[in-house]
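Peer 1: Quick one: the structure is below, and I'll ask about it shortly.
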Amino acid sequence: EGISVGELAQKMNRNASDIIKLLFMLGKMVTINSSMDDETIELVCMEYGVEVKKEIPVDEDSLEDEVEENPEDLVQRPAIVTIMGHVDHGKTTLLDTIRKTRVVEGEFGGITQHIGAYQVSVQSKKITFLDTPGHEAFTAMRARGAKVTDICIIVVAADDGVMPQTKEAVDHAKAADVPIIVAVNKMDKPAANPERVMNEMSDLGLLPEEWGGDTIFVKCSAKQGEGVQDILETIQVVAEMRELKANPKRNATGTVIEAKLDKGRGPVVTLLVQNGTLHTGDCIVVGACFGKVRKMTDDRGREIKEAKPSTPVEIIGLNDVPVAGDMFKVFDSEKQARAIAERRSQTKIEQERKSSSAMSLDDLARQIEAGEVQEIPVIVKADVQGSAEAVKSSLEKLDVKGVRVNVIRSTAGTISESDVMLASASKAMIYGFNVRPDANVRKKAEEEGVEIRLHNIIYKAMEEMELAMKGLLAPVF
Ligand code: GDP
């Protein structure tokens with residue numbers, strides 16, 4: 001990055017020696033080969049009255065789906081749904097019941113194998129379910145920049161009520177800005193108390209429709225099957241409002257759901273096609289791997305020739321095993337795919353996996369100065385709930401230059417890996433009050449590039465945040 005003094009001189013039709021002299025007068029010692037940072041370039045241009053235009057580099061090797069679509073090519077695509085909730089509240093049972101019911105209702109072939117996602121038809125429209133319940137998988141993907149969920153079902157057992165992981169699931173879904181449907185499960189149990197679930201969920205900001213809010217609650221028994229049809233129909237209603245669209249005429253792009261090495265078949269990878277249509281024979285780059293789609297099977301183990309948007313498929317034909325959350329893209333020739341995969345070296349992939357993650361207070365101050373940030377996502381952890389609340393409301397009151405703090409989670413307790421993953425996925429930072437992360441959590445935060453700020457005094461933290469918001473933060477040593 002950056003250009004040298006010589007290159008800049010050439011672009012400006014000046015003598016390099018003039019620029020060197022100018023910079024010398026401004027207190028900077030440079031040679032013709034010195035590379036210049038943005039600030040210095042701006043300085044020189046200002047002196048000469050030249051306008052600076054920064055070229056935004058086009059990353060030809062990116063697998064991101066960035067093509068502008070012609071609205072005429074867009075068609076409806078199935079919703080992609082993730083099921084989250086506290087352990088033992090019935091996530092797996094619900095996924096199994098949905099799978100079985102739909103098969104009984106006349107769909108050909110059973111879903112016999114687990115490929116990480118499956119599709120069912122409801123009212124002659126499909127829905128795609130991600131088959132790994134829980135927010136860990138959801139957040140790990142999101143931390144890698146993958147967006148693979150349109151709707152979240154949060155399962156709450158009616159005999160148990162809102163539990164810690166229910167809260168986490170709500171935080172994760174909200175942070176991802178994904179609409180939530182609450183499944184009030186285990187209604188067959190004598191101890192079931194749906195009112196309590198609705199009350200407790202309201203406390204988390206999810207007010208039921210029948211109480212004047214806008215969250216849909218569906219009572220069900222995942223085990224006995226009651227209410228499951230209602231859940232499916234509700235998904236279709238929410239999906240319709242979302243107007244989920246994709247262009248099936250394009251080269252396919254999407255995300256890796258699962259990947260493993262099979263002794264006989266080589267790398268076996270489940271892809272979720274998110275845009276375009278994937279065909280057998282397509283030349284494909286997946287993360288840093290590449291190949292030709294040699295064989296493609298659907299969630300029932302049937303061989304298929306093409307897969308439309310929102311379809312999960314298992315493919316073979318890659319040269320190596322990618323990671324869940326990696327993006328994929330189809331290219332026109334195998335040569336091109338190979339070249340791009342080769343240029344997408346491991347370091348680049350690592351960078352990509354990191355770039356979507358977390359932000360430090362320093363970055364923030366810089367980005368605010370540049371007008372790039374309007375909202376600062378923060379997670380607050382404190383020794384007692386009272387302080388967590390106090391910190392949250394003080395932070396949210398700060399308003400500098402139209403920049404605001406958005407506290408996406410504030411709870412009592414030590415800083416956990418789940419906090420770090422949420423921060424990573426939401427580009428948030430973590431504020432700890434009278435709590436310390438343990439060594440594992442610190443390590444995880446370092447890996448994910450998540451900044452943890454520890455404080456004992458609230459006003460000190462406010463002061464620091466306010467300075468950052470003003471773009472005035474002094475560097476930390
Ligand atoms: P997960 O940890 O959220 O995936 O929960 P599971 O689906 O594994 O369910 C935990 C336990 O609750 C299992 O023993 C299920 O059989 C039971 N369970 C799940 N749904 C229901 C339900 O609707 N009614 C009753 N009575 N039990 C259920």
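Peer 1: Going by average Cβ density within 10 Å per residue, which order do the peptides 175-183, 242-250 take, highest to lowest?
Peer 2: Most protected by this proxy first, the peptides run 175-183, 242-250.
Peer 1: Compactness ratio of segment 245-349: Cα Rg over 2.2 N^0.38 Å, N = residue count?
Peer 2: 0.96
Peer 1: Here is a follow-up. Per residue, how many Å² of accessible area does the chain show with a 1.4 Å probe?
Peer 2: 50 Å²
Peer 1: Let me ask something else about it. Which order do peptides 298-306, 412-420 fall in by mean Cβ count within 10 Å, highest first?
Peer 2: The densest-packed peptide leads the list: 412-420, 298-306.
Peer 1: So which lysines pass the test for residue 249, namely a Cα distance under 16 Å, with those fewer than 8 places away in the same chain ruled out?
Peer 2: Candidates past the 8-residue exclusion: 305, 308, 329.
Peer 1: Okay, moving on. Taking the alpha-carbon distance from residue 21 and a cut-off under 13 Å, which aspartates and glutamates remain once sequence neighbours fewer than 8 residues away in the same chain are dropped?
Peer 2: Within the straight-line cut-off, residue 21 pairs with 47.
Peer 1: Going from the alpha-carbon gyration tensor of segment 136-197, what semi-axes, largest first and in whole Å, does one get by taking the root of 5 times each eigenvalue?
Peer 2: Details: eigenvalues 138, 21, 16 Å².
So the three semi-axes of segment 136-197 are 26, 10, 9 Å.
Peer 1: Oh, and also: To test your reading of the geometry: what angle, between 0 and 90 degrees and rounded to tens, separates the Cα axis of helix 439-448 from the longest principal axis of the chain?
Peer 2: Roughly 70 degrees, rounded to the nearest 10.
Peer 1: May I ask for the angle, rounded to the nearest 10°, between helix 38-48 and the longest principal axis of the chain, with both axes built from Cα atoms and the value confined to 0 to 90°?
Peer 2: Once rounded, the angle reads 40 degrees.
Peer 1: Still on this structure, I have one more. At 0.36 nm per residue, minus the direct Cα-Cα distance, what do residue 38 and residue 202 gain on full extension? Give it in nm, one decimal, please.
Peer 2: Fully extending the segment from residue 38 to residue 202 adds 54.1 nm.
Peer 1: Set Lys and Arg Cβ to +1 and Asp and Glu Cβ to -1, take the dipole of the chain about its Cα centre, and tell me which of 122, 391, 152 lies farthest positive.
Peer 2: With unit charges placed on the Cβ atoms, the residue in question is 122.
Peer 1: For segment 404-444 and segment 1-52, what is the separation of their C-alpha centers, rounded to whole Å?
Peer 2: After rounding, the separation between the Cα centres reads 43 Å.
Peer 1: For the chain, would you read off the P(r) tail past 32 Å as a percentage of all alpha carbon pairs?
Peer 2: Roughly 51 percent, rounded to a whole number.
Peer 1: Okay, next question. Can you return the lysines within cross-link range of residue 335? Criterion is Cα-Cα under 16 Å, with same-chain partners fewer than 8 residues away left out.
Peer 2: Filter leaves 292.
Peer 1: Counting only Cα, what are the radius of gyration and maximum Cα-Cα distance Dmax of segment 409-452, in Å?
Peer 2: 9.2, 24
The values are calculated or read from the model by the stated rules, or taken from the named source; none is laboratory data. All figures in this text were calculated on a predicted structure; none of them were measured in a lab. Reconstructed Cβ throughout: ideal geometry from the backbone, glycine too, with neighbour counts over all protein chains shown. Keep in mind that these areas ignore ligands, DNA and RNA; they rest on the heavy atoms of the full protein, side chains included. Shrake-Rupley method; radii C 1.70, N 1.55, O 1.52, S 1.80 Å.
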